[in-house]
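Data block below; observations after.
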Amino acid sequence: SGGLERVLSIKASYLAEKMGYEVHIVCLNDSHLSLFYDFSSQINLHSISVSGNPVSYIKSYISGLKKVVSQVKPDVILVCDDGLKAFFLPLLIKSKAKMIYERHVSKTISIGKNAGFLKTISAKFQFTLMNLLAKRYDKFVVLTNENKREWPLQNLEVISNPLSFYPEASASLTAKKVIAVGKQSHQKGYDLLLEAWKIISDSI
């Protein structure tokens, strides 16, 4: 029920309803039976079962994806998985389809604030591996130009997230109450928001 899923629901529904694409989405462990966001009824939903230890999980993940790709025979495969396993898919899935990877998280955020030595080394090793494997995608999509500078690739494209809704009216700016809603984690930058709010509070 995070931001990536919301963006996926908007984009996939737009492609199916407005542009006439045949859209298929692959979910894990029947998660398509209880979707958090609204998806177009024109979208075809598939599920693959994954469980067990890491080896068993990855094995069923790959075989499930191969089965769906074999059945659907897609022209384009879009991967929205921020995990390391997603970078191996061009090597594992044999298909003539164009393959696009869509990244929804910054490298900096992946490491985290004040990360320890071992975590930093592990993250840098993963990033080196990602940089090599990402070249196998036909296109590698990031959200911002700042994200673009994180990847030493020639296949980069920037596609910002679409608005999920648009207000009918602009705020009058007469009320002096503000609210922030979001996950309590370092990448949301609440520390910076609180500092900004203090500056505003002190000036009025």
Are there any pairs, at least 6 apart or on different chains, whose C-beta atoms fall under 8 Å, with the first in the stretch 167-196 and open to solvent by less than 100 Å² (accessible area, probe 1.4 Å) and the second charged (D, E, K, R) and not in a loop (DSSP other than H, G, I, E, B), and if so, which?
G182/K188
What is the residue count in the stretch 33-43 for residues that are farther than 15 Å from E5 by Cβ and either among the aliphatic types (A, V, I, L, M) or surrounded by 14 or more Cβ atoms within 10 Å (Cβ to Cβ) (or both)?
1
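Restricting to helices (runs of 4 or more DSSP H) lying wholly in the stretch 85-204: which have 3 or more residues that are modelled with pLDDT of 90 or more and either closer than 25 Å to K59 by Cα or out of contact with any Leu (no Cβ under 8 Å at 6 or more places or on another chain) (or both)?
Helices (runs of 4 or more DSSP H) meeting the threshold: 89-92, 117-134, 145-148, 190-203.
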Subset of the stretch 44-72 (residues that are open to solvent by less than 30 Å² (accessible area, probe 1.4 Å), part of a helix (DSSP H, G or I) and among the β-branched types (V, I, T)):
V68, V69
Which of the residues that make up the stretch 27-44 are at pLDDT 95 or above and among the aliphatic types (A, V, I, L, M)?
I43
Looking only at the stretch 9-43, and only at residues there that are free of Cβ contacts under 8 Å to residues at least 24 places away in the same chain, polar (S, T, N, Q) and not in a loop (DSSP other than H, G, I, E, B), the one that is nearest to I62 (Cα to Cα):
S31
Would you confirm whether any residue within the stretch 133-153 is touching a helix residue (DSSP H, G or I) at 6+ places or on another chain (Cβ under 8 Å), touching a residue at least 60 places away in the same chain (Cβ under 8 Å) and either within 27 Å of C27 (Cβ to Cβ) or not charged (D, E, K, R) (or both)?
no
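The values are calculated or read from the model by the stated rules, or taken from the named source; none is laboratory data. In this text, all values refer to a predicted model and were calculated from it rather than measured experimentally. All Cβ positions, glycine included, derive from the backbone under ideal geometry; neighbour counts span all protein chains shown. Surface areas here come from the heavy atoms of the whole protein model, side chains and all, with no ligands, DNA or RNA. Shrake-Rupley method; radii C 1.70, N 1.55, O 1.52, S 1.80 Å.
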